[in-house]
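Here is the structure we will look at, set down as structure tokens.
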Amino acid sequence: MSTKQMPVNEDEWKKILPEDAYRVLREKGTEKPGTGKYLHEKRQGIYRCAACGNPLFGSDAKFDSGTGWPSFDQALPDAVEYLEDMEYGMHRVEVVCKKCQSHLGHVFDDGPETTGKRYCMNSVCLNLEQKNHE
């Protein structure tokens with residue numbers, strides 16, 4: 001998405017987002033484990049919100065968690081917000097884009113030693129902006 005004005009309602013979001021992305025980003029869905037395009041991604045760059053383009057994660061924070069979803073040990077500063085999620089009879093912490101409030105995934109306290117966090121994200125919520133190699 002360009003830097004033009006963000007949609008103001010769900011009808012507008014539905015018009016600009018692909019159906020699978022809308023289901024996850026705006027309706028808090030999830031991808032099936034092992035199916036996301038960024039699960040095994042190794043290229044360097046910045047992962048941006050697929051809805052609004054907000055920078056979310058650096059590729060240096062990505063790691064293989066073995067869970068079936070792309071995982072990061074930290075978000076970029078001031079990129080995301082955290083919401084309590086009590087659905088499905090369990091307590092989780094939902095991660096949303098700070099700019100557009102779109103659902104990205106959840107964060108857990110079982111990540112690598114560096115931060116102890118595992119941001120379990122849906123690939124459909126992300127767009128990788130590759131670093132230029134000089």
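Please treat every number below as a calculation from the coordinates, not as lab data. Keep in mind that this is a model prediction, so the values were computed, not measured. All Cβ positions, even for glycine, are placed from backbone atoms using ideal geometry, and neighbour counts span all protein chains on display.
Between the range 64-134 and the range 36-60, the C-alpha centres lie 10 angstrom from each other. Taking the Cα centre of the chain as origin and assigning +1 to Lys and Arg Cβ atoms and -1 to Asp and Glu Cβ atoms, the resulting dipole is close to 420 debye.
Exactly which GluC sites (Glu not before Pro) in the range 40-115 are in a DSSP loop and have at most 14 other Cβ atoms within 10 Å?
When the GluC sites (Glu not before Pro) of the range 40-115 are filtered for loop state and at most 14 Cβ neighbours within 10 Å, E113 remain.
Expressed as a fraction of 2.2 N^0.38 Å, the C-alpha radius of gyration for the range 62-134 is 1.16. Dividing the mean sequence gap of close Cα pairs (under 8 Å, 6+ apart) by how many residues the range 70-134 holds gives a relative contact order of 31 percent. Any idea what diffusion coefficient the range 1-66 gets from Stokes-Einstein, in µm²/s, Kirkwood Rh on alpha carbon pairs, 4 °C, 1.567 mPa s? Answer, rounded: 95 µm²/s. Its DSSP H runs of at least 4 residues, each contributing -39,500 (n - 2.57), put the calculated 222 nm mean residue ellipticity of the chain at -2500 deg cm²/dmol, to the nearest 500. Positive contributions from Lys and Arg (+1) and negative ones from Asp and Glu (-1), summed over other residues with Cβ under 14 Å from the Cβ of E84, come out at -2. Give me log10 I(q)/I(0) at q = 0.10 Å⁻¹ for the range 24-117, Debye formula, one equal scatterer per alpha-carbon, no solvent. Each listed q maps to, in turn, -0.24. With neighbour counts taken as other beta-carbon atoms within 10 Å, the residues I46, I16 rank, fewest first, as I16, I46. The count of lysine pairs in the chain whose Cα atoms are under 16 Å apart, excluding pairs fewer than 8 places apart on the same chain, comes to 9. Working from Cα pairs under 8 Å separated by at least six residues, relative contact order for the chain is 27 percent.
Remark on the chain: C120, C125 stand apart, with no other cysteine beta carbon under 4.7 Å.
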